[in-house]
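Below you'll find the structure, written out as structure tokens, and then a few comments.
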Amino acid sequence: MARVTTPITLSIPPEMEKKIKRLMKEENRTRSELFREALRRYFEEKEWEKIYRYGEMKAREKGISEEEVENIIDAQRK
């Protein structure tokens, strides 16, 4: 059976390790689970940043201010 995960090596400062161990105990999760969750959230945040930058670029191209964007969205929701 093929492996479904890939092990990686990661260096972290001692203080961060203490926080990780505390979280592992508090949440009854493995180190791998915590790191996977952290990376999922990071990837999601980066995707939203791309979407936001794209929206800003399109608004600038059309000469729309941030306040106008909010008004347009509010009008579409009604």
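Quick notes on this one:
- Any chance L34 is assigned to a helix (DSSP H, G or I), out of contact with any Cys (no Cβ under 9 Å at 6 or more places or on another chain) and over 30 Å from I73 (Cβ atoms): yes
- Subset tally (residues that are modelled with pLDDT of 85 or more and in a loop (DSSP other than H, G, I, E, B)) for region 61-78: 3
This table checks each residue for (1) in contact with a helix residue (DSSP H, G or I) (Cβ under 9 Å, 6 or more places away or on another chain); (2) among the acidic types (D, E).
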position	(1), (2)
I12	yes, no
F35	yes, no
K58	no, no
E70	no, yes
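- When the residues of region 25-58 are filtered to those that are of a type in the set (A, V, I, L, M, F, W, C) and in contact (Cβ under 8 Å) with a residue 12 or more places away in the chain, the one that is nearest to I12 (Cα to Cα) is F35.
- Positions within region 14-31 being touching a helix residue (DSSP H, G or I) at 6+ places or on another chain (Cβ under 8 Å) and either outside any helix (DSSP H, G or I) or among the hydroxyl-bearing types (S, T, Y) (or both), in sequence order: R29, T30
The values are calculated or read from the model by the stated rules, or taken from the named source; none is laboratory data. All values reported here derive from a predicted model rather than from experimental measurement. Positions of Cβ are generated from backbone atoms using ideal geometry, with glycine treated the same way; all protein chains shown enter the neighbour counts.
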